[in-house]
Amino acid sequence: MKISIGSDHAGFELRKKLIDKIASLGHEAVDRGPFASSSVDYPDFAALVAEDVVNGTAERGVLVCGTGIGMSMAANKVRGIRAALVYDTETAKLSRQHNDANIMCVGARTPSAAIAPQLLETWLATEFEEGRHRRRIHKIDSLAASMEGWEGMPNVHVVKHPLIQHKLCLLRQKETETRHFRDLVSEIAKLMAYEVTRDVPLSEVDIETPICSTKGKVMAGKHFGIVAILRAGLAMAESMLEIMPGARMGHIGLYRDPQTLTPVQYYSKLPKDTAERSVILVDPMLATGGTIVKAIDVLKEAGAKGVKVVSIVSAPVGIKKVLEAHPDVEIFVAAVDERLNDHGYIVPGLGDAGDRLYGTK
Ligand code: URA
């Protein structure tokens, strides 16, 4: 397992001992410093380690400062982090068994410093017990979500409609079979299309009903370009096209290099008039954000404006990355999950969307 580790000046020496311990246990330490013993600010190093854990660079983290308290306070500000201050064997075990702590904090100027390597060994070896503790972890996560308020960000829309949430719950379950999975993705895509098109301008037209003349409303101007990121975006895009038959469909082929997790483009075919259409870019998973950023680059090169990204499940780090690269886009998701694992999969997520859609695993 990869363990990201950082400290402040007070934890400098103990961090070195813990790095040796990590190696002796057969794990790999990702050392985030500091690399000199002069005075530093612990939140800077808490942030580095916390980022590693939420973006999947490391599975777990270790933070050392004078008491471990400042580090745990700082790390716990990062969504998806559960940093526990560990000071004896019981807290090392229970912070894993009950709290699924993903960062262990320890105080170099406390009595527990002497036993910190043993505490680390126990902490790394102890598994989460699941069951009722999972429910409690979810409650911590939803506290973080409500306080952070993705919905407060004008261009991030978490679509919480009960129908979508119900279908998402089925989608996540590993027992859900390919056929049912595909149907659910299509249904969720249609429901999300409803949200995405909420603010489309309408124009009035004269029509004849069987009874009399009247006025009706139709969507104004050129309609949409629905662009699927291959291959997982295909099912969503085709489903949206069924309810928006005036739309034109585009395809962008990108795959994630399994080693670097960076996107590699292998195909692009967009509507000729992409620049005149509102573009809805679909991919069921917004994970690292790298693929979606690259797809938006491709769309903007083709003149697209007002891009709306529609994903079903997202990770905070991915949303951040997309908005940093393209602050003008709007993002619609059904869920903002906890974090990425070290393979770049969303946790808890739903697994590999492409494989589950097409039964390729
Ligand atoms: N792509 C997937 O299919 N699933 C993830 O969790 C992340 C990326």
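Listing for the model above:
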{"read-out": "Radius 12 Å from Cβ of T176, net charge of other residues (Lys, Arg +1; Asp, Glu -1)", "value": "+3"}
{"read-out": "Proximal lysine pairs, segment 2-129, alpha carbons under 19 Å, eight or more residues apart or interchain", "value": "4"}
{"read-out": "Nonlocal amide H pairs with A58, under 5 Å, H built at 1.01 Å", "value": "V53"}
{"read-out": "Antiparallel content of DSSP bridges confined to the chain, in %, to 5", "value": "25"}
{"read-out": "Karplus 3J(HN,Hα) series, Hz, for segment 61-74 with 6.51 cos²θ - 1.76 cosθ + 1.60 (x for Gly, Pro)", "value": "x, 9, 10, 10, 9, x, 10, x, 6, x, 4, 5, 4, 5"}
{"read-out": "Helix axis angle, 116-125 relative to the chain longest principal axis, alpha carbon, degrees", "value": "40"}
{"read-out": "Difference of contour (0.36 nm per residue) and Cα-Cα distance, L163 to T209", "value": "13.3 nm"}
{"read-out": "The chain - convex hull of the alpha-carbon atoms, volume per residue in Å³", "value": "156"}
{"read-out": "Signed unit charges on C-beta, dipole axis of segment 2-129, positive-most listed residue V53, L120, L63", "value": "L63"}
{"read-out": "Lys, Arg +1 and Asp, Glu -1 on Cβ, resulting dipole of the chain about Cα centre, debye, nearest 20", "value": "300"}
{"read-out": "Residues of type aspartates and glutamates that K160 reaches as a straight line, Cα spacing below 17 Å, ignoring anything fewer than 8 places off in the same chain", "value": "D141, E148, E151, E187, E195, E330, D337, E338"}
{"read-out": "Per-residue ³J(HN,Hα) for segment 191-199, Karplus 6.51 cos²θ - 1.76 cosθ + 1.60, θ = phi - 60°, Hz, x for Gly and Pro", "value": "5, 6, 4, 4, 5, 5, 9, 3, 9"}
{"read-out": "Dipole axis of the chain (+1 Lys, Arg; -1 Asp, Glu on Cβ), positive-most option in I207, Y267, V282", "value": "I207"}
{"read-out": "On Cα atoms only, tilt of 316-325 relative to the major axis of the chain in degrees", "value": "60"}
{"read-out": "Too-long pairs where the Cα-Cα distance tops 18 Å, listed order kept, from K294/K320; K139/K321; K272/K305", "value": "K139/K321"}
{"read-out": "Mean separation of Cα contacts under 8 Å (6+ apart) over length of segment 155-358, as relative contact order %", "value": "23"}
{"read-out": "Segment 51-160: GluC sites (Glu not before Pro) in DSSP coil with no more than 12 other Cβ atoms inside 10 Å", "value": "E127, E130"}
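Each reported figure results from applying straightforward, stated rules to the coordinates on display, with no laboratory input. As the structure is a prediction and not an experimental result, all values here were calculated from the model. Positions of Cβ are generated from backbone atoms using ideal geometry, with glycine treated the same way; all protein chains shown enter the neighbour counts.
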